[in-house]
Amino acid sequence: MTETAIEAAALSMRFGRRRRPALDGCAFRLPAGSVCAVVGPNGAGKSTLLSLAAGLLRPTEGTVTVLGQAPATARERLAYVAQDKPLHPQLTVADTLRLGHELNPRRWDAAVAERIVAEGDLDPAAKVRTLSGGQRTRVALALALGKRPELLLLDEPMADLDPLARHQLMAALMADAAEHGTTVVMSSHVVAELDGACDHLLLLGAGRVRLAGPLDELLAAHTLVTGRADASLAAHTVVESRTTGRQITALVRPEGPLGDDWQTTAPSLEELVLAHLRAPEAPALRLDDAREAAV
Amino acid sequence: MSTALPATAAPTTGRPPRGPRGLTWTVLRLHRTALIVWCLALAAATAVLIWMYAIGDEARRGMSGCATPATDGLPSCAAVDAITADETYSAFLGLITTSLSYVIFPVAAWAGGALIGRELESGTARLAWTQSVTPARWLAAKLAAPAVVLTAGTGGLLLVNLWARQDDDPNLVGDWYLPDVFLATGPTAVAYPLAGLALGALAGLLWRRALPAAGVGFAVTLALYNVLERYRDRLWPTATRSEQGEFELPRSAWQQDWDITWGRYPGEGTPVSTSATFHPRSHYWPLQYVETGIVLAVAAAATLAAFRLLRRRMP
């Protein structure tokens, strides 16, 4: 059995009594060493989930464990980059990295952090307040990677970056993760930036888990079918279907052979995610070893 | 290499040669501007006090008795009038004394705003809490480092102030029971800013935004300051003196109440008896100790509340 990076059971988070819960009974398991994309529409609970895993929030109900510990006790082993990349504006880049060293004395790897900063052509003496959004993202990621985390939680990490920097930082991130076996959990609503980088998917909608599991297994469980509008898909689970004229296109979870009436293709990650986003009522599918998660 | 050093919040243990480390370094570096401003203010105040000490003798000559023309060893009044050192001495000592008694206000606003509120507002507190330090240790360092700096600063300035005041001539430096003189000449001078620090930090944790927290910190300490000033005379039992006829209390007595019993014609002649309640000079230290105790208790309660609040909020 592989080790578990994050395990959530009946995890709920509510901000204020009157408001809709940000997370509502989430359960999933993420094996260590995977690179997981957390996707979902705005307000789906992605940021809340990452904050809970980072030990910054106390769940209203349920539990979340990271690396086999409570998040608050696993602080030293995880790194977290919040969506707004908070950094101290009055510090220089060099002092920001020194802060990482001073606050993580047992783990800090200065070479890694300095390399990421240097790749962005950042002046170590520049004050953080003078940096652009993308440059701040780079410093925040350098701070996170310099800690040598076992679990890296990134909330919308690439939003401020230009395409070139995004590509380069993503490559650096993935190389680093592959080299050290770091588990990376990355939230985004730009599905394209995750394609090719992730091997696990967690799709959230309205605070619930919609899809969870290894990406290839999730993709294999779905088929994109095209056929005549009067043909029946009743035997299968239809995630989403669209009719154009006399033709119907649908994303289905086949429960058996589809028959010759249908043209089938394998969906891409983007098609899989978009179909589920367009059909919020589609049933959830979990392929993440539910026996262990259903505590 | 230094990577093997433990992350220590206490500056006292295992200090490596290159100055503070870990959270202490972080707190001092983040609030370097405030530290510099504080040190400059202390240096300026100390320089002024040294100057005051230097002109102290001249100032006392400017207050001496005089005669016109100079007789019996008394200097001539024209010569005494010509001495301006006494006015300079009074004005600057008064300024330093008042400033020292007001340190609590900027400290509370800074603690609520820059120290805690801004970190919670901008999310940099979450940055610290996802490094290898727990929120409780973060708050401990945030309070301990400024507390040490404040105590050293106000304590030092207090001693220099007492030295510059020399014989405490009330004509030059004000009576001991004047609010700012009282607060700037004893342990209260050290206790008040610590209460400001704790109350400001608590306001920062409660409001989580810099500007409201700074305002609330300032307002709460203003209330504390005024309540204690209002009720200071009740912090220790007063002395009472009753005599037949009338009498006067010495200047060093802090008068609270006069009760005059008149004979048949009130306001005319001599009163039958007079009764006065007051704090003699000897009550200075009991009053100081009680007030310092109250203020430190407020500081301790606010600190405890801040830690409990943080613990309740964080997992």
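The values are calculated or read from the model by the stated rules, or taken from the named source; none is laboratory data. What you are looking at is a predicted structure, and each value in this text was computed from that prediction instead of being measured. Using ideal geometry, Cβ is built from the backbone for each residue, glycine included, and neighbour counts are taken over all protein chains shown.
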Margin query: Could you tell me how many of the residues in segment A:111-147 are more than 13 Å from every other protein chain (Cβ to nearest Cβ) and farther than 20 Å from residue A:186 by Cβ?
Written below: 13
Checklist line | Residues located in segment B:194-215, provided they are farther than 27 Å from residue B:152 by Cβ and either touching a Cys at 6+ places or on another chain (Cβ under 6 Å) or assigned to a helix (DSSP H, G or I) (or both) | finding: B:206, B:207, B:211, B:212, B:215
Margin query: For the condition on the phi > 0 side of the Ramachandran plot and either in contact with a helix residue (DSSP H, G or I) (Cβ under 9 Å, 6 or more places away or on another chain) or more than 14 Å from every other protein chain (Cβ to nearest Cβ) (or both), what is the one hit in B:57, B:72, B:86, B:81?
Written below: B:72
Check: So, in segment A:191-204, of the ones that are touching a residue at least 60 places away in the same chain (Cβ under 8 Å) and assigned to a helix (DSSP H, G or I), which residue ends up nearest to residue A:253 (Cα to Cα)?
Finding: A:191
Check: What are the residues in segment B:224-245 that are in a helix (DSSP H, G or I) and over 22 Å from residue B:281 (Cβ atoms), if any?
Finding: B:224, B:225, B:226, B:227
Check: Since residue B:51 meets every condition but one in (1) closer than 22 Å to residue B:171 by Cα; (2) at pLDDT below 95; (3) in contact with a Phe, Trp or Tyr (Cβ under 9 Å, 6 or more places away or on another chain), which condition does it not meet?
Finding: (2)
Note to self: Exactly one of these conditions fails for residue A:147: (1) crowded, with 18+ Cβ neighbours inside 10 Å; (2) closer than 30 Å to residue A:287 by Cα; (3) touching a strand residue (DSSP E or B) at 6+ places or on another chain (Cβ under 8 Å). Give me its number.
What the structure shows: (2)
Check: Is it true that some residue in segment A:35-50 is assigned to a helix (DSSP H, G or I) and either surrounded by fewer than 20 Cβ atoms within 10 Å (Cβ to Cβ) or charged (D, E, K, R) (or both)?
Finding: yes
Item checked: Some residue of segment B:30-51 being surrounded by 14 or more Cβ atoms within 10 Å (Cβ to Cβ), of a type in the set (Ser, Thr, Tyr) and closer than 16 Å to residue B:158 by Cα -> yes
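Per-residue answers, yes or no, for (1) away from chain A (no Cβ under 14 Å); (2) modelled with pLDDT under 95:
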{"residue": "B:132", "(1), (2)": "no, yes"}
{"residue": "B:136", "(1), (2)": "no, no"}
{"residue": "B:143", "(1), (2)": "yes, no"}
{"residue": "B:147", "(1), (2)": "yes, no"}
{"residue": "B:153", "(1), (2)": "yes, no"}
{"residue": "B:165", "(1), (2)": "yes, yes"}
Next item on the list: Under 6 Å between Cβ atoms, at least 6 apart or on separate chains: pull out the pairs that start in segment B:287-315 with a residue that is at pLDDT below 95 and end on any residue that is surrounded by fewer than 18 Cβ atoms within 10 Å (Cβ to Cβ) and small (Gly, Ala, Ser).
Entry: B:315/A:72
Margin query: Please go through segment A:127-144 and give me each residue that is more than 14 Å from residue B:130 (Cβ to Cβ) and either buried (at least 22 other Cβ atoms within 10 Å of the Cβ) or not β-branched (Val, Ile, Thr) (or both), ordered by number.
Written below: A:127, A:129, A:131, A:132, A:133, A:134, A:135, A:136, A:137, A:138, A:139, A:142
Check: Is it the case that segment A:30-44 has a residue that's within 14 Å of chain B (Cβ to nearest Cβ) and either over 23 Å from residue A:133 (Cβ atoms) or touching a residue at least 12 places away in the same chain (Cβ under 8 Å) (or both)?
Finding: no
Check: Between residues in segment A:48-63 that are under 19 Å from residue B:310 (Cα atoms) and residues that are part of a helix (DSSP H, G or I) and of a type in the set (Lys, Arg), which pairs lie under 9 Å by C-beta distance while being six or more apart or on different chains?
Finding: A:51/B:126; A:54/A:75; A:54/B:126; A:55/A:75; A:56/B:126; A:57/B:313; A:58/B:312; A:58/B:313
Margin query: Being within 30 Å of residue B:289 (Cβ to Cβ), without any contact (Cβ under 8 Å) to a residue 40 or more places away in the chain, part of a loop (DSSP other than H, G, I, E, B) and charged (D, E, K, R): is that true of residue B:248 here?
Written below: yes
Notebook entry, point to check: Of all the residues that make up segment B:99-125, how many are on the phi < 0 side of the Ramachandran plot, in contact with an Asp or Glu (Cβ under 9 Å, 6 or more places away or on another chain) and within 14 Å of chain A (Cβ to nearest Cβ)?
Noted result: 2
Check: Hey, among the residues in segment A:64-75 that are in contact (Cβ under 8 Å) with a residue 24 or more places away in the chain and crowded, with 19+ Cβ neighbours inside 10 Å, which one's farthest from the other protein chains (Cβ to nearest Cβ)?
Finding: A:67
Margin query: For segment A:236-284, which positions are among the hydrophobic types (A, V, I, L, M, F, W, C) and in contact with a helix residue (DSSP H, G or I) (Cβ under 7 Å, 6 or more places away or on another chain)?
Written below: A:239, A:251, A:266, A:269, A:272, A:273, A:282
Next item on the list: Within segment A:102-155, track down each residue that is without any contact (Cβ under 8 Å) to a residue 24 or more places away in the chain and of a type in the set (A, V, I, L, M).
Entry: A:103, A:111, A:118
Check: Out of all the residues in segment B:2-37, which are modelled with pLDDT under 50, facing another protein chain (nearest Cβ under 7 Å) and assigned to a helix (DSSP H, G or I)?
Finding: B:3
Margin query: Filter segment B:186-221 down to the residues that are touching a Ser or Thr at 6+ places or on another chain (Cβ under 6 Å) and either over 20 Å from residue B:293 (Cα atoms) or polar (S, T, N, Q) (or both) and list them by number.
Written below: B:188
